[in-house]
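The structure appears right after this line, and notes come after that.
The values are calculated or read from the model by the stated rules, or taken from the named source; none is laboratory data. Predicted model only: the values in this text are computed from it and were never measured. Reconstructed Cβ throughout: ideal geometry from the backbone, glycine too, with neighbour counts over all protein chains shown. The accessibility values were calculated without ligands, DNA or RNA, using every heavy atom of the protein model including side chains. Shrake-Rupley method; radii C 1.70, N 1.55, O 1.52, S 1.80 Å.
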Amino acid sequence: MQSRDLARKIIWSAIYLLFILAPLFALLAGTLPPARNFGTEFSVALGYSGLAMMGLQFGLTARFRHVTEPWGEDVIYHFHRRVSLLAVSLVVAHPLILFAIRSDKVAMPDSLREVPWGAWFAFLSIGSVIVLVITALWRKQLKIPYELWHLSHIGLALVAIFGGVLHMIGWGFYLTDPLKRTLWICMTAFWIALLLYVRLFKPIFMLRRPYRIAEVRAERGDTTTLVMQPDGHAGFRFKPGQFGWLNVWGSPFRITGHPFSFSSSAEAENGRVEMTIRNLGDFTSKVKLIEAGQRVYLDGPYGAFTIGHPTDMHVLIAGGIGITPMMSMIRTLADRGDQRPLVLLYGGKTWDSLTFREELDALKTRLDLRIIYVLSAPPEGWSGETGRIDAAMFRRHLPPAFAEHEYFICGPDPMMDAIETALGEMKVPRMRYHSERYSFV
Ligand SMILES: Cc1cc2nc3c(=O)[nH]c(=O)nc-3n(C[C@H](O)[C@H](O)[C@H](O)COP(=O)(O)OP(=O)(O)OC[C@H]3O[C@@H](n4cnc5c(N)ncnc54)[C@H](O)[C@@H]3O)c2cc1C
């Protein structure tokens, strides 16, 4: 399984590099315009590569399951963010180098009317790229609501790309050759097709495969479980630990779906799925108001966070609502009669806020499951673990072949960072632990 994933990673990485570099090399094929100085050619190469990278960002966020599976969706989103910074640096470096070498290409004309139209598109493209990066990096500080940000993010990306391509065509030089110009126009059409795939074709597919809310269940810890039943179709199968995108109000064409792990058993019948959602913001605060019978749309399953090798001890480490994928794993293993050893370290604030507490205790009779509750605000007389889950706590509760267990971590970012550090200290190899981060953005 791991070598298959490695092979898929290599193949997809090679395809990604091909899409970035091939258009650049294609410019050097066929008839070439007379060479200019090194600084100019270098800056132009940066501009072309930056634009190709920006266009392919639509592919990274297009939710192609086969592409994202070997890494996991969260890794792809983090890569998307990093690559954006690189792409934007290349695009911005392009005019900066021309200014630095005092190229006549960036000499200011006497009047605005003399500015060539290709240059206007360059301003438009670079301007929107800069706004795009600022709003992505500092969305929370700028207090931009998520949905508004998401919509403007797509809009700005489109303006940046169209502006960039029109600038290249307007400027001519390498793209005076009709073949090369066609190549870049086709590439742009391909990038837009990627966007249409996720924003138009996928929603059409979801529209034809709706779900109905069968039950809305209040859970401990200001949390609600939605039980969903496919309406007129068989639904999909998921692996325990995976997640889906949920659209409740409005159509599946609505720009922002919300990601939630499946909390139910993957063995549930008739395509039934459950998501367990904690009240943490605008959307999640309204979930408890949803009524049975409501039509919803689900896009999934996604993610690589799922149970591992059957002979390994599975150490499940959950913080707060990070219990949901673990619950799906535990329920699934119980339904399958799987007796692999499981240790759940479950951190929460108070005893009363621990979602699924009673069911977890009951499941111990059906599984080889040990549970260690860790409270940050324990009740009086509490004799269990308190504070943060750390290396010392692992040493107290796990058998010492630490590097041989498989670890699954899901919880708030600071907790996940601390646990990954603790596992590093315990010499657990990176490939033995799996993380699901609830913060794509
Ligand atoms: C893979 C994954 C699985 C998740 N599973 C669960 C789960 O099982 N149960 C649960 O309660 N929560 C889960 N979450 C978190 C959940 O998606 C967010 O809490 C929820 O989307 C917040 O929406 P809001 O409008 O209520 O909050 P807001 O106050 O609007 O946003 C709070 C923060 O949540 C993030 N967020 C908001 N909307 C989205 C969105 N559409 N897509 C991505 N991030 C968003 C943003 O960082 C935002 O700053 C999961 C997140 C991810 C990435």
Determine the pairs where a residue that is in contact (Cβ under 8 Å) with a residue 40 or more places away in the chain and aliphatic (A, V, I, L, M), located within the range 416-441, has a partner that is surrounded by 18 or more Cβ atoms within 10 Å (Cβ to Cβ) and part of a loop (DSSP other than H, G, I, E, B) with Cβ atoms under 7 Å apart, the partner being 6 or more residues away or on another chain. Ile419/Ile389
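If you check Ala26, Ala35, Ala52, which single one turns out to be open to solvent by less than 70 Å² (accessible area, probe 1.4 Å) and modelled with pLDDT under 85? Lay out the reasoning, then the answer.
On the way: Ala35 fails: open to solvent by less than 70 Å² (accessible area, probe 1.4 Å); Ala52 fails: modelled with pLDDT under 85.
Answer to the check: Ala26.
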Residue by residue through the range 226-245, note down the ones that are part of a strand (DSSP E or B), within 23 Å of the chain's Cα centre (by Cα) and surrounded by fewer than 22 Cβ atoms within 10 Å (Cβ to Cβ). Trp245
Counting only residues that are within 32 Å of the chain's Cα centre (by Cα) and free of Cβ contacts under 8 Å to residues at least 12 places away in the same chain, the range 22-38 contains a total of 2
Any idea which of (1) assigned by TED's automatic domain parsing to the domain that holds Gly55; (2) under 26 Å from the mean Cα position of the chain (by Cα) is the one Lys180 doesn't satisfy? (2)
Residues in the range 389-436 that are within 16 Å of the ligand (Cβ to nearest atom), at pLDDT below 95 and more than 24 Å from Ala377 (Cβ to Cβ): how many? 3
Pull up the range 1-20, narrow it to residues that are among the basic types (Lys, Arg) and in contact (Cβ under 8 Å) with a residue 40 or more places away in the chain, then point me to the one that is least open to solvent (accessible area, probe 1.4 Å). Arg8
Counting just the residues of the range 151-166 that are over 13 Å from Leu195 (Cα atoms) and open to solvent by less than 30 Å² (accessible area, probe 1.4 Å), which one comes out nearest to the chain's Cα centre (by Cα)? Ala160
Among the listed residues Ala26, Ala93, which satisfies the condition of being closer than 21 Å to Thr176 by Cβ and either outside the structural domain of Leu158 (by TED's automatic domain parsing) or small (Gly, Ala, Ser) (or both)? Ala26
Residue pairs qualifying under the 6 Å Cβ cut-off, at least six apart or on distinct chains, with the first in the range 45-56 being closer than 16 Å to Phe190 by Cα and the second being modelled with pLDDT under 90 and of a type outside the set (A, V, I, L, M, F, W, C), are Ala52/Pro23
